[in-house]
1. Give the residue that is nearest to Asn261 (Cα to Cα), with candidates limited to residues of the range 347-385 that are open to solvent by 40 Å² or more (accessible area, probe 1.4 Å), among the polar types (S, T, N, Q) and part of a helix (DSSP H, G or I).
2. Those residues that are touching a residue at least 24 places away in the same chain (Cβ under 8 Å) and surrounded by 17 or more Cβ atoms within 10 Å (Cβ to Cβ), I need them from the range 181-191; list them, please.
3. Out of all the residues in the range 496-541, which are open to solvent by less than 30 Å² (accessible area, probe 1.4 Å) and acidic (Asp, Glu)?
4. Mind listing whichever residues of the range 704-722 are within 24 Å of Thr624 (Cβ to Cβ), surrounded by fewer than 16 Cβ atoms within 10 Å (Cβ to Cβ) and of a type in the set (A, V, I, L, M, F, W, C)?
5. Yes or no: Arg423 buried (at least 16 other Cβ atoms within 10 Å of the Cβ) and of a type in the set (Lys, Arg)?
6. Could you check the range 685-703 and list, in sequence order, the residues that are at pLDDT below 90 and open to solvent by 60 Å² or more (accessible area, probe 1.4 Å)?
Amino acid sequence: MSSEQRPSPKSILRSILLASRTDIEGLQLNFSDLAWSGNAELALTILLRFLPETASPALYLDLAYLLCQEGQWLSFADLKNETKVWEEILELDLLDDQSAENILAGFFASSSSASAQANFSITKPHDAESTFAEWIFARIEILDSSVGIFNLIHELVSQHHDLPSKIIQWRTGVLEPVERFNMYYPDNESFNHLFQLSQIVNPDQSSAIITFLLQHSTSRTITRDVGTIVTPYLNYIDTVSSSDAKVAWPTFFNWLVSASNGEKFGAVVELAKNWDGPAASNDLTLQYVSSLLAFCYIYPIANAEVFESMHTIQKRALYILNASSDNEQFSNAAIETQLSDVLETCAFDFPNSPLFLATKSNLDLFDVLVTAAALISVYIPTTLQSIAQLRFYGTAADQLAFISKVVRGKSKEYAYRDDSNWRTLRSGARWLRNKSLVLQKLTESEIESVFVSALLDFGRIGLVQEIYIDPIYSPIETSHLEQHILNSFQNHYDNASNCNATRGSLKTASQILALIYPKLSNSEPLMRADLLLKATHELSKYSLTLVHGVPLQPLQIKLNGNPEEIISQLLQSNQKAYIQPDDLITMTKNLHVGLDMPVAELQGVEYRIIRMSVYAALAADDFTTAFEYCMSRLWDHRDAIAQLDRDLVWQVFYAAGRYVSPNASSTPSPGPNAQSPMAMLLINNRVKHLRLQMRLLSLALDICPEVNMLEILTVWQEFELQIIQCLAK
């Protein structure tokens, strides 16, 4: 632009002063000079930079509009030259042009106001609407950065009769959403305290903006907030974006997914119920549904209310997609094929996971997995994501461990489920395998094994009978059932607190064994278990302690592992137990077999028990019983016994033969009463007892080793002398 076309420095200074005084009429008069007609950009710059920020837009918008229009300088020329002129303006006429130029340059250079920092240029000099829009945007930036008075900005973009479409778009997509936020949440930090309006139109800021705008949203307000704040804003950002791709809406979808890590679950559910998603394009609608799926898969909390809400989201997603049952679906194999190329650690990355694709088949799969998670969460805490991982990435071992955990629960309280609950759980487990495919890598037999094992361990005898014993075709093979029964029998046996098979855990063990033994199977392991149970129950009839201060428990029998030692302690602690040697022998044999001890150790056990019984009888001062056991239970079998233990018989006979009762009657001394009937009876009894002992000693002499003969003979001779003395009296 030539210097002839440029307004004089004094005219420019006059315009600046008039603008700073908000003398719009004076400005119009000053701009009526034809020298200004080619300098609209300079006039608009002065109006922009030197008007006070607090000036009402109603005062200057018309002037700015006219400056942007070609041919509107005539409107300025029509003004009368009767405007008020301040003294300062008159003084400008005293300056020469060079002085005015110097003042003008210094004034521009020294200005530090927010307005002075604004740059304005007409990018489309022949497009009046664009020029007007650019000037308004520049003025908005000045107002926002300096005073942040939204009511002035609102006036600036609302009151003119011919606002550019860009300004209307900005007002709808930026200003009004921010104003609504401040109105909806007046008690919280307002938007303009943290952000400038210029930031909101930066796509790179959209994530932070959305997080801020929705930070206070609740299930009651989120539909309103998304509809009246977020949607206009995101539509505006995508509309003015230089790219054809929608870049703003994905930030909102990311916010929805990230809400799964916070406390916005109820809010997102309500949004899904009431908001159909962006209306801008079908592609955005698909992304919206995808984000809802991701939100549910990633949500870390699991309970009945959550899963019910997820079902609601699934139904709404189907409605939004308008997907009917006639739509083509991917097969189950298809989604598994897609996931096979995705690492487990990346399987739930939004938006790339195949599980999150907004398709009818994925929504059907989602519904099935939510049902599975809801079924399982009744018994143990679980999440939708863990169920999906189990189905698509879990090994057979993982799935078996999982269903075992579900069936057995996390505490003993699950043992108190009633039969109806157990039947429901079993049906659910079969559904998890056959329909939802969550347990698809397990066989039906493996699942049944988990159930029969748990039912046995929890003592649900009637259910085991109903499901696995009574049917003609049992869902589990007899050999497998037998193994589970044996395992459970041992568990209950080991956990029993006493040895009585009619009470507590041992009663349950007995009932479990009776399910199959002997009517369905009489295998050796079952027979051993039965004998162990019988022996244990018989031991409960006696007072016996293997661990000091603790009454006998079944597990102690196993830990001791020596049936004969147990019987020996029984005889020591039960005074009359020796009178039932056959019962003791049976118990010992049953313990030997029941504990699966070597067969060789069972040989001669009955004779060893008789030996213990003889010693117990002597300890109880019952020589008669001891003598009877020696003669009837040992002597008649001495040859067989000698093959097992050559010393057993003579040692027992020697012990019984030399036994001296602490209560044995003494021989009466000579005197006047020596021949009394009572004295004679005592003498006869003593002689009889000595002769029985001598008989035992004689038999011991017959079979003992030579080295022991003299010892036995010495005792025999002593007793012979006592007999002679008694007879002499």
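1. So the residue we want is Gln385.
2. In the first step, residues of the range 181-191 are kept if they are touching a residue at least 24 places away in the same chain (Cβ under 8 Å); the result is 181-182, 184-185, 188.
Of everything in the range 181-191, those that are touching a residue at least 24 places away in the same chain (Cβ under 8 Å) and surrounded by 17 or more Cβ atoms within 10 Å (Cβ to Cβ) turn out to be Phe181, Tyr185.
3. Matches in the range 496-541: Asp530 only.
4. Leu721
5. On the way: buried (at least 16 other Cβ atoms within 10 Å of the Cβ): no; of a type in the set (Lys, Arg): yes.
Answer is no for this residue.
6. Hit for the range 685-703 is Asn685, nothing else.
Conditions (1) within 20 Å of Ala577 (Cβ to Cβ); (2) in contact with a helix residue (DSSP H, G or I) (Cβ under 8 Å, 6 or more places away or on another chain), marked per residue:
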{"residue": "Lys519", "(1), (2)": "no, no"}
{"residue": "Ser523", "(1), (2)": "no, yes"}
{"residue": "Asp530", "(1), (2)": "no, yes"}
{"residue": "Leu533", "(1), (2)": "no, yes"}
{"residue": "Thr536", "(1), (2)": "yes, yes"}
{"residue": "Tyr542", "(1), (2)": "yes, yes"}
{"residue": "Leu546", "(1), (2)": "yes, yes"}
{"residue": "Pro551", "(1), (2)": "yes, no"}
{"residue": "Lys558", "(1), (2)": "no, yes"}
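Each row is one residue, and each column tells you yes or no for (1) out of contact with any strand residue (DSSP E or B) (no Cβ under 7 Å at 6 or more places or on another chain); (2) closer than 20 Å to Ala128 by Cα; (3) part of a helix (DSSP H, G or I); (4) in contact (Cβ under 8 Å) with a residue 24 or more places away in the chain.
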| position | (1), (2), (3), (4) |
| --- | --- |
| Thr22 | yes, no, no, yes |
| Ala35 | yes, yes, yes, yes |
| Gly38 | yes, yes, no, yes |
| Leu47 | yes, yes, yes, yes |
| Thr54 | yes, no, no, yes |
| Asp62 | yes, yes, yes, yes |
| Tyr65 | yes, yes, yes, yes |
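The values are calculated or read from the model by the stated rules, or taken from the named source; none is laboratory data. Values in this document were obtained by computation on a predicted structure and should not be read as measured data. Because the Cβ atoms are built from the backbone with ideal geometry, glycine has one as well, and the counts that use them run over all protein chains shown. For accessibility, only protein heavy atoms count, side chains too; no ligands or nucleic acids. Shrake-Rupley method; radii C 1.70, N 1.55, O 1.52, S 1.80 Å.
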